[in-house]
Amino acid sequence: MVKHKFLLVLVLIGLSSASLAQRPLAEALDDARVQEGLALIDDSQELAANQLAQIGGIISPSGQEHERANAVANLMRQAGLQDVHITDSPNAIGRIPGSSGKALIFVATLDDLATVAEHQRAASGPPRVEGDRVVGPGTNTSLTSIALISAARALVSQNLQPEHDIVFAAVAQEETGLKGMRALYEEYREKAIAFVDVLGEGNGISYGALGIHWWRVNGFGPPGHTLRGGLPNVNQGIARAVDRILQIRDPQLYEDRRTRLNVAILNSGAVFNHKPETGWFSLDVRSLDPEHIESMEMQTREILTAVTNELGIRFEMEPVSQTPPGQIPGALESNLVQDSLAISEYLGNTPNLSNAGSANLNVAIAGGTLAIGISSERGGRRGFADEWADIPVLLRTAKNVFLTAITQANAR
């Protein structure tokens, strides 16, 4: 208990110190340069839309983001950011330097779903601007990277000098384990006052992290033709295991903690007349509390062991993705969250608050660093051939980033 109280004090001290050098939103909005910066974002609509068409058209599934990272880095340089570089991840990073030695970090995502890459390869041409939309696979996710660049351009053009570094990072492999964010966090955890995970214009604001563990549960048994098959059968083992796993009671006992468990995929066999040697099923485990995740995974392992003993079917749990949970005491009352609410409302939204974020921000929160996610719909048909991004949402997202940077990094 003493240790927990000590950690709580440290976190609250950290939240307090992070709020010492901040600029009130009302004061910032009265600044002519701030208003000029907001107007510049609107005036740059055509440029931003064309940049989104360019970036969105680059095939960039998780683990293959290098070309898009290079293109984003070039746009960062054109926007006037300093120290632009690409890491091994690969993350594209640039900054506006401050004087305090601390940093406020904005995060966007570089990678797309694998299905998006398939649609990009099959497309008859690159994304195109159609009215208030940029249409084409790859545009929806890349909206946030272009929003960061548009906000950076406005900050640089108005010569607003921040007390803290303002770092803009487009990170890789968000879809496959938050690998780019983990590398970014290790790079900046000691100097970060906060991370802002940019997922949209701010209709939603997350300040806590929902833990999500994805597993592929592989089953192994003897193969055989139907006439010589019989038991044991890997499908019987999978069926028995899944039935018992879905009866684990933690989701009912701890529903208020967003505790969830799901089996969504069953996969085995290829022909009618052959008993499969292998098969697998997916396991999606979620909770705000790590002990509930651990409990469900422990019970799953016990179930698998029991089924193996009963049927002779062997199982192994293969981790696919693990998004860490976490809650920062005092986060809801922090200036970061309260100013984000005010900024979102200023831009015409009525934001919903959540303590159950599930994206790049989870890495920072699990590490004990204040972070928020600002989110919204970015367009439509994500993951389909006719995917599109909404240009007005892009502009409002850029304005949200612009105003958040000014207030939280004390830019004047």
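Of the set (1) buried (at least 18 other Cβ atoms within 10 Å of the Cβ); (2) outside the structural domain of I166 (by TED's automatic domain parsing), all apply to P222 but (1). Right, T308: over 25 Å from A172 (Cβ atoms), among the hydroxyl-bearing types (S, T, Y) and not assigned by TED's automatic domain parsing to the domain that holds G101 or not? Yes. Scanning the stretch 219-227 finds no residues that are of a type in the set (S, T, Y) and touching a residue at least 60 places away in the same chain (Cβ under 8 Å). Could you say which residue among T115, T144 is at negative phi and at pLDDT below 95? Result: T115 is the single residue among T115, T144 that is at negative phi and at pLDDT below 95.
Kindly provide the set of residues from the stretch 395-412 that are in a helix (DSSP H, G or I) and among the small types (G, A, S), ordered by number. Answer for the stretch 395-412, where residues must be in a helix (DSSP H, G or I) and among the small types (G, A, S): A398, A405.
Here Q158 fulfils each of the conditions (1) within 18 Å of A71 (Cα to Cα); (2) modelled with pLDDT of 95 or more; (3) crowded, with 18+ Cβ neighbours inside 10 Å; (4) not acidic (D, E) apart from (1). Going through the stretch 340-361 one residue at a time, which ones are closer than 18 Å to A103 by Cα and either touching a Leu at 6+ places or on another chain (Cβ under 6 Å) or of a type in the set (S, T, N, Q) (or both)? S340, N360 - these are the residues of the stretch 340-361 that are closer than 18 Å to A103 by Cα and either touching a Leu at 6+ places or on another chain (Cβ under 6 Å) or of a type in the set (S, T, N, Q) (or both). Here R228 meets the list (1) crowded, with 23+ Cβ neighbours inside 10 Å; (2) farther than 21 Å from A71 by Cα almost entirely, failing just condition (1).
Per-residue answers, yes or no, for (1) among the β-branched types (V, I, T); (2) under 21 Å from P162 (Cβ atoms); (3) buried (at least 24 other Cβ atoms within 10 Å of the Cβ):
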| position | (1), (2), (3) |
| --- | --- |
| P325 | no, no, yes |
| G330 | no, no, no |
| S334 | no, yes, no |
| G348 | no, no, no |
| I374 | yes, yes, yes |
| E387 | no, no, yes |
| F402 | no, yes, yes |
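For the stretch 91-131, a residue qualifies if it is under 30 Å from A405 (Cβ atoms) and among the charged types (D, E, K, R), and the qualifying residues are R95, K102, D111, D112.
Within the stretch 52-71, residues that are free of Cβ contacts under 8 Å to residues at least 60 places away in the same chain sit with their Cβ atoms under 8 Å from residues that are among the hydroxyl-bearing types (S, T, Y) and crowded, with 19+ Cβ neighbours inside 10 Å, at 6+ positions apart or across chains, in these pairs: E67/S60. For the stretch 82-115, the tally of residues that are within 17 Å of the chain's Cα centre (by Cα) and among the β-branched types (V, I, T) stands at 4. If the condition is being farther than 27 Å from S358 by Cβ and surrounded by 17 or more Cβ atoms within 10 Å (Cβ to Cβ), then the stretch 277-307 contributes G279, V307. Applying the criterion of at least 1 residues that are out of contact with any strand residue (DSSP E or B) (no Cβ under 8 Å at 6 or more places or on another chain) and of a type outside the set (K, R) to the strands (runs of 3 or more DSSP E) found wholly in the stretch 343-394 leaves an empty list. Annotation: of all residues in the stretch 216-251 being touching a helix residue (DSSP H, G or I) at 6+ places or on another chain (Cβ under 8 Å) and part of a strand (DSSP E or B), the one that is nearest to G367 (Cα to Cα) is V217. N74 meets the conditions (1) in contact (Cβ under 8 Å) with a residue 12 or more places away in the chain; (2) in contact with a strand residue (DSSP E or B) (Cβ under 9 Å, 6 or more places away or on another chain) in every case but one. The failed one is (1). The residues of the stretch 168-180 that are out of contact with any Leu (no Cβ under 7 Å at 6 or more places or on another chain) and either among the aliphatic types (A, V, I, L, M) or in a strand (DSSP E or B) (or both) amount to a single one, L178. Note on the stretch 252-277: residues that are part of a helix (DSSP H, G or I) and free of Cβ contacts under 8 Å to residues at least 12 places away in the same chain total 4. Here S142 meets each of (1) within 29 Å of D42 (Cα to Cα); (2) surrounded by fewer than 17 Cβ atoms within 10 Å (Cβ to Cβ) with one exception, condition (2). If you check L155, L184 for being within 25 Å of E345 (Cα to Cα) and assigned to a helix (DSSP H, G or I), only one passes: L155. Counting residues in the stretch 206-215 that are more than 24 Å from the chain's Cα centre (by Cα), polar (S, T, N, Q) and at pLDDT 95 or above gives zero.
Selection within the stretch 187-214: residues that are in a strand (DSSP E or B) and either touching a Phe, Trp or Tyr at 6+ places or on another chain (Cβ under 9 Å) or among the hydroxyl-bearing types (S, T, Y) (or both). The member of this set that is farthest from S334 (Cα to Cα) is V198. For the structure I just gave you, tell me whether P319 is in the same structural domain as N400 (by TED's automatic domain parsing), in contact with a strand residue (DSSP E or B) (Cβ under 7 Å, 6 or more places away or on another chain) and on the phi < 0 side of the Ramachandran plot. It is false that P319 is in the same structural domain as N400 (by TED's automatic domain parsing), in contact with a strand residue (DSSP E or B) (Cβ under 7 Å, 6 or more places away or on another chain) and on the phi < 0 side of the Ramachandran plot.
The values are calculated or read from the model by the stated rules, or taken from the named source; none is laboratory data. Keep in mind that this is a model prediction, so the values were computed, not measured. Cβ: placed from backbone, ideal geometry, glycine included. Neighbour counts: every protein chain shown.
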